[in-house]
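Student: The structure is given below, and queries will be raised subsequently.
Quick note: the coordinates plus some simple rules give every number you see, no bench work behind them. In this text, all values refer to a predicted model and were calculated from it rather than measured experimentally. So basically every Cβ, Gly included, is an ideal-geometry build from the backbone, and we count neighbours across all protein chains shown.
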Amino acid sequence: MRNYFIAGNWKMNKTPSEAASYARALAAGLGTVKHRLLLAPAFPALPAVASALEGSPILLGAQNMAQAESGAYTGEVSPDMLKDLGVDIVILGHSERRAIFGEKDALVNSKVRLALAKGLEVILCVGETLEEREAGKLEEVIRRNVTEGLKGLVESDLSRVTIAYEPVWAIGTGKTATPEDADEVHAFIRKILAGTYSQNSADAMIIQYGGSVKPGNVRELMAMENIDGALVGGASLKLDDFTAIAHFDN
Ligand code: PGA
């Protein structure tokens, strides 16, 4: 049985004080949730959110990480720095990192390997652009993102990896993939994992969907066989919406 995993990616939003008051209110008002929950604030808000979440089961996430342990990487943040702040999980290969900052699969892979070696969990984001989908390259892109992103990992590493399927055309646009379309891609990701690793690992992998997830569509997405959670951007900025999404199965 796969456990649902709902993650909020705040992107470059909320100051440390705004982030802390949201996190405190979420932790206080959430009540019982059966599945995993994560908040990923911007780097400067990590310490404040970490202390606001103390004693709550909500996990702390970072939105990115450097590909190196330390050294001359001006403006970057290392895995040890994240761990020192209490970060549990790091989101890697988000489509905005790929599109705006030019991150390629090989770089994403070096970050994935380093994060795991340092004891962090990883959410690896994969997904096609509208242009790629319309050109019939959906499977090619997903296969490349998944196999290159996970390159060099052994099967036992996979228990600390979540995959987020985020069709780029659905991120922040209000357009959501239909639950059926998303489920088909999630099933394809499992097929890749079964071919590379094993059916057991493919069956056990938590695969989140991301792209305009809202309180109004989360339930039908989560009802699909291969969708095990959500990576939520815009709607995670609003406490009421994220709380409703977190309670989708209540
Ligand atoms: P969105 O973002 O929910 O605002 O579409 C999702 C994401 O980028 O992870």
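Student: If you average 1/r over all unlike Cα pairs in the chain and invert the result, what Kirkwood radius do you get in angstrom?
Tutor: 18.0 Å is the Kirkwood radius here.
Student: With the dipole of the range 1-151 worked out from charges on the C-beta (+1 for Lys and Arg, -1 for Asp and Glu) around the Cα centre, which of Leu60, Ala7, Ala27 lies farthest toward the positive end?
Tutor: Toward the positive end, the furthest listed residue is Ala27.
Student: What's the FRET efficiency of Ser198 with Ala223 using the Cβ-Cβ distance as r and R₀ = 35 Å, to the nearest 0.05?
Tutor: 0.85
Student: Go through 24-37, 204-217, 151-164 and give me the packing order, highest mean Cβ count within 10 Å leading.
Tutor: For the peptides 24-37, 204-217, 151-164, the packing ranking is 204-217, 151-164, 24-37.
Student: What is the extension gain from Ala72 to Glu184, computed as 0.36 nm multiplied by their sequence separation minus the C-alpha to C-alpha distance, in nm to one decimal?
Tutor: Roughly 36.0 nm would be gained on extension.
Student: Within the chain, which DSSP H helices have Cα atoms that stretch 20 Å or more along the helix axis and a mean Kyte-Doolittle hydropathy of at least -0.5?
Tutor: 179-196
Student: Given the Cα-Cα distance of Ala28 and Ala135 and 0.36 nm per residue of separation, how much length would full extension add, in nm?
Tutor: My answer for the length gained is 33.8 nm.
Student: Could I ask something else about it? Counting other C-beta atoms within 10 Å, which of His186, His94 has the fewest, and how do the rest follow?
Tutor: Lowest count first: His186, His94.
Student: Let me ask something additional. Just subtract the alpha-carbon distance of Thr173 and Ala106 from 0.36 nm times their residue separation and send over the number in nm, one decimal.
Tutor: Result: 21.4 nm gained on full extension.
Student: Using +1 on the beta carbon of Lys and Arg, -1 on that of Asp and Glu, and nothing else charged, what's the dipole of the chain about the Cα centre, debye to 20?
Tutor: 360 debye
Student: What value, in deg cm²/dmol to 500, does the helix sum -39500 (n - 2.57) over DSSP H runs of n ≥ 4 give at 222 nm once divided by the residues of the chain?
Tutor: It lands at -11500 deg cm²/dmol.
Student: OK, next. Can you give the translational diffusion coefficient of the range 1-60 in µm²/s, computed by Stokes-Einstein from the Kirkwood radius over Cα pairs at 20 °C and 1.002 mPa s?
Tutor: Translational diffusion coefficient: 183 µm²/s.
Student: Compute the distance from the alpha-carbon center of the range 223-250 to that of the range 149-192, in whole Å.
Tutor: Each part reduced to its Cα centre gives a spacing of 16 Å.
Student: Separate question: Using a Förster radius of 30 Å, what is the FRET efficiency between Val154 and Lys83 based on their Cβ-Cβ separation? Nearest 0.05, please.
Tutor: According to the calculation, E is roughly 0.90.
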